[in-house]
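Below is one structure, written out as structure tokens, with a few remarks after it.
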Amino acid sequence: METQYVGKRVPRVDALDKVTGQAMYSVDVELPGMLYGATLRSPLAHAKIVEIDTSAALTVPGVRAVVTGKEFPFTFGHMIKDQPFLSIHKVRYVGEPVAAVAAETEAAAQEAVEKIRVEYEELPAVFDPRKAALDGAPIIHEDLGKYDHGNVYELVPGTNISTVMKYSRGDVEVGFSEADEVFEDEFYIHPVAHTPMETHAAVVQYTPSGKMLTVWSSADAPCQRAKDLAKVLSLSFNQVRFISTYSGGGFGGKGAIVAEGIGVALAHFTKGRPVKVIYSRQEELTASQVRLEAYLKLKTGVKKDGTLTAREAEIIWDNGAYSSKGPEVARRGTLTIFGPYRTPHLTLLSRLVYTNKQPSGAYRGFGTTQVTWACEAQIDIIAGKLGIDPVEVRLRNFYADGDPYINEQIMHTAGLRETLEKASQEIGWGQKKPKTTGTKVRGKGIATTIKGTNTPTDSYCFIKVNVDGSVTVLTSSVEIGAGQKTVLAQIAADTIGVPLASIHIPNPDTCSTPFDFGVTSSRTTYHMGNAICLAGQKVRRQILETAGEILKTDPERLTLREGEIIDRDAENQMTLKELMAKKYGGKGGAIQGEGYFTPAGSSLIKAKPGIEWMSSIFWMWATHAAEVEVDTETGVVKVLKIAAAHDVGRAINPIGCEQQIEGSVIMGLSNTLFEEFKMEKGRIMNDTLADYKVATTLDLPEIVPIIVESHHSEGPFGAKGVGEPALAPTAPAIANAIYDAVGIRFKSLPITREKVLAAIRNRKP
Amino acid sequence: MNVTIDLTVNGERHRLEVTPWTTLLELLRETLHLTGTKEGCGLGECGTCVVLVDGSSVNSCLMLALDANGRQITTIEGLASNEELHPLQASFIEKGAVQCGFCTPAMILSAKALLDRNPGASEEEIRRALSGVLCRCGSYTKIIEAVRTVSKEVEDS
């Protein structure tokens, strides 16, 4: 199909709002009578609350409400309902919200917070998930067995283990016995902050008369959050209304109730007045959520020629004090530890463990980043030991179309090989190294990844062609910053046959926009894109039928392109605007269509009974190739270039794909080389951006995004997704390049200059 | 103990009463409702609050409103004139330099401060000038390209 917009480098439809400062974010929402919230947070990692005295806080002029877990004793949790809005009886991490204040000004709220007195009885705390998993560890959730939770999560009451996931295929012992070499390695990947430039923020209003709870926020899945809150507060779905704003960055961090929770608690006590809660940067870094830290053991059997025979994986994930999306990361997010490789014998044990730390949650890649780190570093170790080129070892084991996945799903649209070929070619793989000058040594590394999308999930949309021919697309897909609106508008424009400029996609409002699973799992282009195709085809058909009636001709002879209705013989012609005017006259009206998409039932996701949930309606493949320069005198690793090739199915908007790839690479570089929390007794010591370092323009390497298009048979115009997998291969590609440069294998992240320098100095002469 | 200040913001003069501890950022966002200027940390570390004070880029969270007395302030809202975008704004759109957009106003204003004093700025000079503004979406490649496109036009003409 010929397209006007799909596949083109269309400028983003939200860019004008953003370059002129008109885009409204949660922090910009201002309502009449709005109060400001502030939060008192726990100074201790694990303690019983003996008493809270709020009397002094209540006397501060301007204070309208002071709330603790006693007044608002509810808990939430999308997967395991274990998290109080405000501490109930005990605190489980430094930074946990204990009490909150709503006041006429931010200053009054802050002053009142400082006047709240809390008496604690400190309890032993545990910060290392490996220790927390042992018998005798301090128990963080005594009531674990009583928590309401998704039935797929296997909790172990009486322990700190909140999810156990086991998987096996074939017989690994047989696989290891068939191997010529068996490799056993342990890896560690650290927690990192999402660091959206807009911290978590929300404005919440609760109208007691109608029991209406309205939340303005940039949550990435407004329908899910509305559903969560309705359940917790015994409200119906239509009594909880999420109004989405633009989002100042999410990266998974806005996939949970965070600032919203403080606002919800306060709003129940402000007599209908809205409350605004903005997290400070310190709160964002210490008390929102982080990427799950993980300890990964990987045992792999290999034939001399590099063929994998068996892999055994054991992972301990750090859940932190409460379960955001950790349970699903430890379940679904763990599976791709085996990489994009055919392996006959497999076994996996994944455990998610509570610790007295800030909650962990979804982080761009949903576990894929963590498991890819281990998988791809080990493949490099294997290649080195066997004396086979790392590219060659990967090619030898790669999935191809028609291969069975670990649950027997048949792999499709595997553009994997092409990503490896193109990325390695771009980096000059196999070329002779330049001669070392001085202390600076160069090296190249490569890593691949496989990432699925949560399957099956639902998206609905609703399209209105208005009286003047303009088009409104109603969806609950948030513009999280990744270009969702642009891609969806392009799909709508080409499906209906109208100019892109005639399309408007308002921000979601769960009161009126239909259900969507959320902007997560790189799913929006595929799922909402398909829903828009379905709705768009419906309105297009109605338009052409109406045109047929007006023009007294067979609608089959008509086509709609760029808002012009054209007869096959070009005799009759009219614009969509004219058609709408003729149909409705001055009366007003609209041509409407709805679209519902789910991949459930697609033959592409058929798999072994019982484990179909491991299937993905589309697989995203990527290879990153890095070239680094290591200064052996200072330990500084300079990333010179990263070639990042991604199979996106079809690039609906190549600019958008490049933005995702380039953005992920610099985020991955920053995570790998700079970012690290420094903790003392559970307290994060580096709680500012001066001390928690993220990459700037000065750290930017040459990034070459390479788009591979494998055309998915059921994707909208052949598209898949790209947002999440782009982060995963960056860390192992850099680490593998460092090994190539200086022969030092890092199995633990981050790779800071101090660690590099120490390793170089400790190297045996 | 309020202080009266007189300043010009985006060409409009304001005479205002402020407390001595009000920051320029608070004044712009809360009093003047110019919310295009963002707060990302309040400590001068993220750069999303950059505005121009007499043409120089300043972290407005670190400047007291009373120090802006008698000065000319430009925020992102004041950049386009009569619906016509500033070349940097147009270039940011065209080159795909905008993702979530939260740092965009600060990036554009920092670039403007640079190009106003060094119209043909090199890539290296652009990198340095923008290094005080963080962009977690990682749009750096395209942001630098967008600014360089504008500075190159000067160089080429």
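The values are calculated or read from the model by the stated rules, or taken from the named source; none is laboratory data. Please read these numbers as outputs of a predicted model, since none were measured by experiment. Cβ sites come from the backbone with ideal geometry, for glycine too, and all protein chains shown count toward neighbours. Areas reflect the complete protein model, heavy atoms only, side chains present, ligands, DNA and RNA absent. Shrake-Rupley method; radii C 1.70, N 1.55, O 1.52, S 1.80 Å.
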Study note, to complete from the structure: The size of the Cβ-based charge dipole (Lys, Arg +1; Asp, Glu -1) of the stretch A:457-597 about the Cα centre, to the nearest 20 debye, is 160 debye
Exercise for review: Could you tell me the total accessible area buried at the B-A interface, probe 1.4 Å, in square angstrom to the nearest hundred?
Suggested key: 3700 Å²
**Study point:** Pairs of lysine residues in the stretch A:521-611 - Cα separation under 30 Å, sequence separation of 8 or more or cross-chain
**Key:** 11
Review point. For B:K38, which lysines qualify as cross-link partners when the Cα separation must be under 24 Å and same-chain residues fewer than eight apart are set aside?
Key: A:K18, A:K254, A:K276, A:K485, A:K693, B:K95, B:K112, B:K142
Check your understanding: Can you pull the percent of Cα pairs in the protein assembly as shown with separation above 49 Å?
Key -> 20 percent
Revision key, fill the gap. Per residue of B:139-152, other chain Cβ atoms within 10 Å number on average 3
Practice item. Could you size up the charge dipole of the stretch B:3-78 around its Cα centre, putting +1 on the beta carbon of Lys and Arg and -1 on that of Asp and Glu, and report it in debye to the nearest 20? Key: 100 debye
Review point. Calculated FRET efficiency, A:V156 and A:K297, Cβ-Cβ r, R0 25 Å, to nearest 0.05?
Key: 0.80
Exercise for review: Run the 1.4 Å probe and let me know the accessible area of A:M34, rounded to the nearest 10 Å².
Suggested key: 20 Å²
Check your understanding: Based on the Cβ-Cβ distance from A:A501 to A:T207, what FRET efficiency comes out when R0 is 30 Å, to the nearest 0.05?
Key -> 0.20
Revision key, fill the gap. Across all Cα atoms of chain B, Rg and the largest Cα-Cα distance (Dmax), in Å, are 15.5, 54
**Study point:** Helical contribution to [θ] at 222 nm, DSSP H n ≥ 4, -39,500 (n - 2.57), averaged over chain A, rounded to 500
**Key:** -7500 deg cm²/dmol
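Hey, got the average number of other protein chain Cβ atoms within 10 angstrom for residues in A:693-703?
Values: counts 0, 6, 5, 10, 16, 6, 3, 7, 1, 1, 3.
Across the residues of A:693-703, the mean count of other-chain Cβ atoms within 10 Å is 5.
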Review point. Put +1 on the Cβ of each Lys and Arg and -1 on the Cβ of each Asp and Glu in the protein assembly as shown; which of A:W373, A:I80, A:A133 then has its Cα farthest toward the positive end of the dipole?
Key: A:A133
Study note, to complete from the structure: Of the residues A:L669, A:L416, A:V152, the Cα lying farthest along the dipole of the protein assembly as shown towards its positive end, which is defined by charges on the beta carbon of Lys, Arg, Asp and Glu, belongs to A:V152
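Over chain A, what relative contact order in percent results from Cα pairs under 8 Å that are six or more residues apart?
For chain A, the relative contact order is 15 percent.
Got the relative contact order for the stretch A:485-588 handy, in percent, Cα pairs under 8 Å and 6 or more residues apart?
Details: 95 pairs, mean separation 27.0, N = 104.
Relative contact order for the stretch A:485-588 comes out at 26 percent.
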Exercise for review: Can you work out the PRE-style zone for A:D401? Point 7 Å along Cα to Cβ, and I want the residues of the stretch A:1-25 with backbone N under 20 Å.
Suggested key: A:1
Check your understanding: In square nanometres, what is the average projected area of the Cα convex hull of the stretch B:3-78?
Key -> 4.2 nm²
Practice item. Calculate the length of the line joining the C-alpha centroid of the stretch A:162-215 to that of the stretch A:716-731, in whole Å. Key: 18 Å
Check your understanding: Where in the stretch A:618-664 does accessible area fall by at least 50 Å² between the isolated chain and the complete protein assembly, at a 1.4 Å probe radius?
Key -> A:Q659, A:E662
Review point. How many angstrom separate the Cα center of the stretch A:107-161 from the Cα center of the stretch A:492-513?
Key: 44 Å
Review point. So how far apart, in nm, are the two label points at B:E83 and A:T105 if each is 7 Å from Cα heading toward Cβ?
Key: 4.2 nm
**Study point:** At 0.890 mPa s and 25 °C, Stokes D of the stretch B:87-156 from Kirkwood alpha-carbon radius, µm² per second
**Key:** 212 µm²/s
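Quick one: pull the percent of accessible area on chain A belonging to carbon and sulfur, 1.4 Å probe, ligands and nucleic acids left out.
The C+S portion of the solvent-accessible surface of chain A is 50 percent.
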Revision key, fill the gap. Per DSSP, the loop-located trypsin sites (Lys or Arg not before Pro) within the stretch A:295-394 having at most 14 other beta carbons within 10 Å are A:K303, A:K304
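If you place +1 on the Cβ of every Lys and Arg, -1 on the Cβ of every Asp and Glu, and leave all else neutral, what size is the dipole of chain A about its Cα centre, to the nearest 20 Debye?
Computed charge dipole of chain A: roughly 280 debye.
On a full-extension model of 0.36 nm per residue, what is the gain between A:D305 and A:D691, subtracting their alpha-carbon distance, rounded to one decimal in nm?
Contour length minus Cα-Cα distance gives 134.3 nm.
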Review point. Sorting A:L698, B:L52 by accessible area (1.4 Å probe), largest first, what list results?
Key: A:L698, B:L52
Point to revise | Length added when fully stretched, A:A570-A:K231, from 0.36 nm per residue minus Cα-Cα | key: 116.4 nm
Practice item. Evaluate E = 1/(1 + (r/R0)^6) for A:D148 and A:L31, where r is the Cβ-Cβ distance and R0 equals 41 Å; express this FRET efficiency to the nearest 0.05. Key: 0.80
Review point. Quick one: if you stick a label point 7 Å off each Cα along the C-beta vector at A:K271 and A:M24, how many nm between them?
Key: 2.7 nm
Revision key, fill the gap. Placing +1 on each Lys and Arg Cβ and -1 on each Asp and Glu Cβ in chain A, then taking the dipole about the Cα centre, the residue among A:T105, A:I605, A:L296 whose Cα reaches farthest towards the positive end is A:L296
Point to revise | Accessible heavy-atom area order of B:H86, A:H527, highest first, probe of 1.4 Å | key: B:H86, A:H527
Review point. Tell me, in nm to one decimal, what length is gained between A:R761 and A:V50 on full extension, where the rule is 0.36 nm per residue of separation less the Cα-Cα distance?
Key: 250.9 nm
Practice item. In whole angstrom, note down how far apart the Cα centers of the stretch A:263-336 and the stretch A:550-626 are. Key: 37 Å
Exercise for review: Tell me the label-point distance for the pair A:Q542, B:T4, using the 7 Å Cα-to-Cβ offset, in nm and rounded to one decimal.
Suggested key: 6.2 nm
Review point. Are there GluC sites (Glu not before Pro) in the stretch B:49-97 that DSSP marks as loop and that have at most 11 other Cβ atoms within 10 Å, and which are they?
Key: B:E83
